[in-house]
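**Student:** Pasting a structure below so you can have a look.
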């Protein structure tokens, strides 16, 4: 019997990784009990399925895949759009749903203007969106507590991910417009996928059969 080619998956730490592995087990793609999320290990081997799982930071998943350290990656559409790396996007898992929105303090936003200040963790997405509207912006890159930026005068608007919107509401902000919808996607390295075409087809078929 021909030995299966090894497939490696870069998974983002946290809920997306757990939901992905649960789905893979349900669809018969990987073995049960291989990935122990309660441990501090970052690499798990599934010898029966000839697969390897790498647990990495969400924003690093596209880099691991694009550089060939992993064949596949599971990552939010927001991260894909922000990095802009040339990856194949094969499958929308449908979980990890959220939206990228523009928001501002309630009743203060009336219009956009040139050189307004946008606080965000996603400068590329913000710049593309407002450029498409013909508006030049000043981006203020932040890594956390985005909601307080317009409340302290640091920024005029924010661009951020919204799931329920509760954090924004509790901090006196409201959504102005939705830029994009996001969910977890299965992405792949272009050259490695061609080299492992049959195995890739088999994994995708197993994902699709349970829909």
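**Student:** List pairs: first in the range 184-211 and over 21 Å from residue 79 (Cα atoms), second at pLDDT below 85 and part of a helix (DSSP H, G or I), Cβ under 8 Å, 6+ apart or cross-chain?
**Tutor:** If the second residue must be at pLDDT below 85 and part of a helix (DSSP H, G or I), the pairs left are 200/193.
**Student:** Here is a further query. Considering only the range 86-107, how many residues are part of a loop (DSSP other than H, G, I, E, B), closer than 24 Å to residue 138 by Cα and in contact (Cβ under 8 Å) with a residue 12 or more places away in the chain? Explain how you work it out, then say what you get.
**Tutor:** Taking the range 86-107 first, the residues part of a loop (DSSP other than H, G, I, E, B) are 86-87, 93-97, 106-107.
Now drop any that are not closer than 24 Å to residue 138 by Cα, which leaves 106-107.
Checking the rest, the ones that are also in contact (Cβ under 8 Å) with a residue 12 or more places away in the chain come to 106.
Final tally of qualifying residues: 1.
**Student:** Just to be sure I understand, how many residues within the range 116-147 are surrounded by fewer than 17 Cβ atoms within 10 Å (Cβ to Cβ), modelled with pLDDT under 95 and not in a loop (DSSP other than H, G, I, E, B)?
**Tutor:** The qualifying residues number 0.
**Student:** Test residue 185 against the stated conditions and say whether it is surrounded by 15 or more Cβ atoms within 10 Å (Cβ to Cβ) and closer than 30 Å to residue 6 by Cα. Don't jump to the end; show me each part of the working.
**Tutor:** Values: surrounded by 15 or more Cβ atoms within 10 Å (Cβ to Cβ): yes; closer than 30 Å to residue 6 by Cα: yes.
Considered against the rule, which asks whether it is surrounded by 15 or more Cβ atoms within 10 Å (Cβ to Cβ) and closer than 30 Å to residue 6 by Cα, residue 185 comes out as yes.
**Student:** Another one. What tally of residues in the range 9-28 results from selecting those that are surrounded by fewer than 21 Cβ atoms within 10 Å (Cβ to Cβ) and either without any contact (Cβ under 8 Å) to a residue 40 or more places away in the chain or touching a helix residue (DSSP H, G or I) at 6+ places or on another chain (Cβ under 9 Å) (or both)? Before you say what the answer is, go through the steps one by one.
**Tutor:** At the first step, the residues of the range 9-28 found to be surrounded by fewer than 21 Cβ atoms within 10 Å (Cβ to Cβ) are 13-16, 18-19, 22-23, 25-28.
From what's left, either without any contact (Cβ under 8 Å) to a residue 40 or more places away in the chain or touching a helix residue (DSSP H, G or I) at 6+ places or on another chain (Cβ under 9 Å) (or both): 13-14, 16, 18, 22-23, 25, 27-28.
The number of residues fulfilling the criteria is 9.
**Student:** Let me ask something else about it. Assuming residue 176 fulfils every condition listed in (1) over 21 Å from residue 65 (Cβ atoms); (2) modelled with pLDDT of 90 or more; (3) within 21 Å of the chain's Cα centre (by Cα) apart from one, which condition is it?
**Tutor:** If we test residue 176 against (1) over 21 Å from residue 65 (Cβ atoms); (2) modelled with pLDDT of 90 or more; (3) within 21 Å of the chain's Cα centre (by Cα), just (3) comes out false.
**Student:** Would you be able to tell me the number of residues in the range 56-91 that are over 23 Å from residue 160 (Cβ atoms) and surrounded by 20 or more Cβ atoms within 10 Å (Cβ to Cβ)?
**Tutor:** Of the range 56-91, the ones over 23 Å from residue 160 (Cβ atoms) are 64-72, 86-88, 90-91.
Keeping just the survivors that are surrounded by 20 or more Cβ atoms within 10 Å (Cβ to Cβ) gives 64-65, 70-72, 87.
Count: 6.
**Student:** For the range 103-115, check the following and say yes or no: at least one residue is within 25 Å of residue 61 (Cβ to Cβ) and surrounded by 13 or more Cβ atoms within 10 Å (Cβ to Cβ).
**Tutor:** Here is the first cut: in the range 103-115, the ones within 25 Å of residue 61 (Cβ to Cβ) are none.
No, because not a single residue in the range 103-115 is within 25 Å of residue 61 (Cβ to Cβ) and surrounded by 13 or more Cβ atoms within 10 Å (Cβ to Cβ).
**Student:** Ok, one more. For the range 52-60, check the following and say yes or no: at least one residue is closer than 30 Å to residue 177 by Cα and part of a loop (DSSP other than H, G, I, E, B). Talk me through it step by step, then tell me what you get.
**Tutor:** Of all residues in the range 52-60, those closer than 30 Å to residue 177 by Cα come to 57-60.
Within this subset, residues satisfying the condition of being part of a loop (DSSP other than H, G, I, E, B) are 57.
Yes, there is a match, as at least one residue in the range 52-60 is closer than 30 Å to residue 177 by Cα and part of a loop (DSSP other than H, G, I, E, B).
**Student:** Just give me the residues in the range 164-196 being in contact with a helix residue (DSSP H, G or I) (Cβ under 9 Å, 6 or more places away or on another chain), part of a helix (DSSP H, G or I) and farther than 15 Å from residue 90 by Cα, in sequence order.
**Tutor:** Those that are in contact with a helix residue (DSSP H, G or I) (Cβ under 9 Å, 6 or more places away or on another chain), part of a helix (DSSP H, G or I) and farther than 15 Å from residue 90 by Cα: 167, 168, 170.
**Student:** Please verify whether residue 196 is modelled with pLDDT under 95 and either within 22 Å of residue 82 (Cα to Cα) or buried (at least 17 other Cβ atoms within 10 Å of the Cβ) (or both), treating the condition exactly as stated.
**Tutor:** Values: modelled with pLDDT under 95: yes; either within 22 Å of residue 82 (Cα to Cα) or buried (at least 17 other Cβ atoms within 10 Å of the Cβ) (or both): yes.
Answer is yes for this residue.
**Student:** Based on what the data block shows, is residue 38 on the phi < 0 side of the Ramachandran plot, assigned to a loop (DSSP other than H, G, I, E, B), out of contact with any helix residue (DSSP H, G or I) (no Cβ under 6 Å at 6 or more places or on another chain) and assigned by TED's automatic domain parsing to the domain that holds residue 193?
**Tutor:** Working: on the phi < 0 side of the Ramachandran plot: yes; assigned to a loop (DSSP other than H, G, I, E, B): yes; out of contact with any helix residue (DSSP H, G or I) (no Cβ under 6 Å at 6 or more places or on another chain): yes; assigned by TED's automatic domain parsing to the domain that holds residue 193: yes.
So residue 38 passes the test.
**Student:** Based on what the data block shows, is residue 199 in a helix (DSSP H, G or I), closer than 30 Å to residue 70 by Cα and touching a strand residue (DSSP E or B) at 6+ places or on another chain (Cβ under 7 Å)?
**Tutor:** Values: in a helix (DSSP H, G or I): yes; closer than 30 Å to residue 70 by Cα: yes; touching a strand residue (DSSP E or B) at 6+ places or on another chain (Cβ under 7 Å): yes.
So residue 199 fits the description; yes.
**Student:** Let me ask something additional. Would you tally the residues in the range 3-35 being in a loop (DSSP other than H, G, I, E, B), over 21 Å from the mean Cα position of the chain (by Cα) and at negative phi?
**Tutor:** Applying the first criterion (in a loop (DSSP other than H, G, I, E, B)) to the range 3-35 yields 3-6, 13-14, 27-35.
Of the ones still in play, those that are also over 21 Å from the mean Cα position of the chain (by Cα) are 3-6, 27-34.
Filter once more, so that each one left must be at negative phi: 3-6, 27, 29-32, 34.
Looking only at that region, the number is 10.
The values are calculated or read from the model by the stated rules, or taken from the named source; none is laboratory data. Because the structure is a prediction, the values reported are computed rather than measured. Cβ atoms come from the backbone with ideal geometry, glycine included; neighbour counts cover every protein chain shown.
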